[in-house]
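A.B. asks: Can you keep this structure in mind? I'll have questions shortly.
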Amino acid sequence: MSSSKLSDEFKQDAVAQITERGYPVREVSERLGVSAYSLYAWKKKFAKAS
């Protein structure tokens, strides 16, 4: 799935699952069908914006 097709809201929710709800990156990655690399990049981008 191309990241350009995913909304910022989707990405922010994915980051929140890791940072606020305490889910492991691997679990969120598998559940949402995105790479762990993408999650780390989104975390870097959105965690500071919150």
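FYI, it's all coordinate maths here, none of it is from the lab. Owing to the predicted nature of the structure, the values given are computational and were not obtained by experimental measurement. Note that we place each Cβ from the backbone using ideal geometry, even for glycine, and neighbour counts take in every protein chain shown.
A.B. asks: Could you list Lys43, Lys11, Lys5 so that the one with the fewest beta carbons within 10 Å of its beta carbon is first and the one with the most is last?
C.D. replies: By the 10 Å Cβ count, ascending: Lys5, Lys43, Lys11.
A.B. asks: Nearest 500 deg cm²/dmol is fine: what mean residue ellipticity at 222 nm does the chain get from its DSSP H runs of n ≥ 4 alone, each adding -39,500 (n - 2.57), divided by its residue count?
C.D. replies: Result for the chain: -18500 deg cm²/dmol, rounded to the nearest 500.
A.B. asks: How many nm is it between the label spots at Glu30 and Ala47, if each spot is 7 Å from the Cα in line with the beta carbon?
C.D. replies: Between Glu30 and Ala47, the label points sit 2.1 nm apart.
A.B. asks: Dipole magnitude of segment 3-46 about its Cα centre, charges +1 at Lys/Arg Cβ and -1 at Asp/Glu Cβ only, in debye to the nearest 20?
C.D. replies: Here segment 3-46 has a charge dipole of around 160 debye.
A.B. asks: Then there is this: Quick one: order Ser38, Ser29, Ser7 by neighbouring beta-carbon count within 10 Å, fewest to most.
C.D. replies: By the 10 Å Cβ count, ascending, the order reads Ser7, Ser38, Ser29.
A.B. asks: For a test of the definition: using alpha carbon positions, the gyration tensor, and the 1.5 limit on a/c, classify the chain as rounded, prolate or oblate.
C.D. replies: Oblate.
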